[in-house]
Amino acid sequence: MWVSLYHRDIQHYWQNPTVIFIKLRLQTMECMQEEDVELTLDGARILVVEDNRLNARSLKRQLEFFNAEVEVCMSGEDALEKLSHDNKFDLILMDFRMPGINGIETTKRIRSSGVSIRKIPIVAVTADVSEKRKEEFHRAKMNDVMFKPFELKELMVILTRWLPPKKVIIS
């Protein structure tokens with residue numbers, strides 16, 4: 001079965017039915033306005049690693065609005081300590097610039113650690129939009145990047161892209 005979607009003058013085709021469902025949902029999210037979609041995160045656990053208290057509190061509130069369970073760590077070291085005891089997160093949102101070890105180094109350590117946390121998707125959250133930085137995120141095996149300041153729609157796209165489909169309810 002072939003499915004064709006037109007989005008921003010780009011045509012996409014998928015044959016695998018599982019991929020069709022996921023990709024179709026992402027295409028839909030990218031086209032809609034925030035007020036057109038209701039997103040609920042059913043049991044999703046998200047770790048926010050952000051040294052700025054205001055940014056951390058704001059992101060936590062946005063995620064809790066969608067019914068996510070959110071933990072916040074204020075540094076890369078705190079995140080590594082947390083993950084050594086609690087590895088049941090579905091997603092990590094990682095600030096890049098932090099005192100001590102930065103988001104890239106923290107990600108490298110997570111990726112080289114135990115099997116249980118190695119595969120958790122990690123999204124860089126940064127104001128640095130340079131190509132050099134994007135390449136560094138990719139080399140560190142970060143899964144994606146979200147640029148500050150971001151709109152609610154952008155957060156919704158990231159959540160639907162990286163959280164397990166069974167934990168994302170769109171209505």
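The values are calculated or read from the model by the stated rules, or taken from the named source; none is laboratory data. Bear in mind that the values here come from a model prediction, so they are computed numbers and not experimental data. Note: ideal-geometry Cβ built from the backbone for every residue, glycine included; neighbour counts use all protein chains shown. Ligands, DNA and RNA are excluded from the accessible area calculation, which covers all protein heavy atoms including side chains. Shrake-Rupley method; radii C 1.70, N 1.55, O 1.52, S 1.80 Å.
Out of GLU151, GLU105, one residue alone is open to solvent by 60 Å² or more (accessible area, probe 1.4 Å), touching a helix residue (DSSP H, G or I) at 6+ places or on another chain (Cβ under 8 Å) and touching a residue at least 60 places away in the same chain (Cβ under 8 Å). It is GLU151.
All conditions but one from (1) open to solvent by 20 Å² or more (accessible area, probe 1.4 Å); (2) more than 23 Å from GLU38 (Cα to Cα); (3) in contact with an Asp or Glu (Cβ under 7 Å, 6 or more places away or on another chain) apply to LEU54; the one that does not is (3). Only one of the numbered conditions (1) out of contact with any Lys or Arg (no Cβ under 8 Å at 6 or more places or on another chain); (2) assigned to a helix (DSSP H, G or I) is violated by ASN55, and that is (1). Go through the stretch 60-99 and give me each residue that's charged (D, E, K, R), crowded, with 20+ Cβ neighbours inside 10 Å and over 23 Å from ILE169 (Cα atoms). ASP95 - this is the single residue of the stretch 60-99 that is charged (D, E, K, R), crowded, with 20+ Cβ neighbours inside 10 Å and over 23 Å from ILE169 (Cα atoms).
Please find, among ILE122, ILE169, the residue that is on the phi < 0 side of the Ramachandran plot, β-branched (Val, Ile, Thr), in contact (Cβ under 8 Å) with a residue 12 or more places away in the chain and open to solvent by 50 Å² or more (accessible area, probe 1.4 Å).
Numbers: ILE122 fails: open to solvent by 50 Å² or more (accessible area, probe 1.4 Å).
Checking each option against the conditions leaves just ILE169.
Tell me, which helices (runs of 4 or more DSSP H) wholly within the stretch 75-171 include 2 or more residues that are more than 19 Å from LEU59 (Cα to Cα) and in contact with a strand residue (DSSP E or B) (Cβ under 9 Å, 6 or more places away or on another chain)? Fully inside the stretch 75-171 and qualifying: 76-85, 103-111, 131-139.
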